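Asks: I'd like to ask you about the structure that follows.
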Amino acid sequence: MTLSEQDFKTWLRGYGTAWETKDADAFAGAFEDGALYYWTPFDDPQKGREEIAAAFSDAVKNQQDIEFGARPLYVQAQLGAAHWSCAFTRITTGQRVHLDGIFVVQFGDAGKALSFREWWHSDEGK
């Protein structure tokens, strides 16, 4: 599959909607069965949909009022890169948290992510 900008935008919307609704099945469904998800460049990746869904569920369980946005930076062959941001309220503290980052996604023939690498920063605790 050659990824188009529209394909990538559609995938980004699905990713964002899954995060905003805390839908682990939809989130993991954006990835191939054996996908690798690198949440930071320093941690081992989540491997496969089951690990991705579990890590996602753990990450969002203390988030509410989630707002996600992303814009493609480039699309080439089977790769897409995007600048993204997310804001949510931390349930336990009531603090509004802002995240800002970049991710690079490699897609398989089915239009789902095979490899996902992200770099991000948070204002939490500032």
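Rule-based calculations on the coordinates, nothing more; no lab input. A quick note: this is a predicted structure, and the numbers were derived from the prediction, not measured. Because the Cβ atoms are built from the backbone with ideal geometry, glycine has one as well, and the counts that use them run over all protein chains shown.
Asks: Restricting attention to region 58-94, which residues are aliphatic (A, V, I, L, M) and more than 16 Å from His121 (Cα to Cα)?
Replies: Those that are aliphatic (A, V, I, L, M) and more than 16 Å from His121 (Cα to Cα): Val60, Ile66, Leu73, Val75, Ala77, Leu79, Ala81, Ile91.
Asks: Condition first: out of contact with any His (no Cβ under 8 Å at 6 or more places or on another chain), within 28 Å of Ser4 (Cα to Cα) and among the polar types (S, T, N, Q). Can you find one or more residues in region 114-122 that meet it?
Replies: yes
Asks: Residues in region 32-49: is at least one among the charged types (D, E, K, R), over 21 Å from Gly80 (Cα atoms), within 14 Å of the chain's Cα centre (by Cα) and surrounded by 12 or more Cβ atoms within 10 Å (Cβ to Cβ)?
Replies: no
Asks: Conditions: (1) part of a loop (DSSP other than H, G, I, E, B); (2) free of Cβ contacts under 8 Å to residues at least 40 places away in the same chain; (3) within 18 Å of Trp120 (Cα to Cα). Val97 meets all but one. Number of the miss?
Replies: (1)
Asks: Which count do you get for residues in region 76-118 that are in contact with a Pro (Cβ under 9 Å, 6 or more places away or on another chain), surrounded by 14 or more Cβ atoms within 10 Å (Cβ to Cβ) and of a type outside the set (Gly, Ala, Ser)? Please lay out each step first, then the result.
Replies: Taking region 76-118 first, the residues in contact with a Pro (Cβ under 9 Å, 6 or more places away or on another chain) are 80-83, 115-118.
Then drop every residue that is not surrounded by 14 or more Cβ atoms within 10 Å (Cβ to Cβ), which leaves 80-82, 115-118.
Going one step further and asking which of them are of a type outside the set (Gly, Ala, Ser), we end up with 116-118.
Here the count works out to 3.
Asks: Of the residues in region 98-126, how many are more than 14 Å from Ala70 (Cα to Cα) and either among the small types (Gly, Ala, Ser) or in contact with a Ser or Thr (Cβ under 6 Å, 6 or more places away or on another chain) (or both)?
Replies: Here the count works out to 8.
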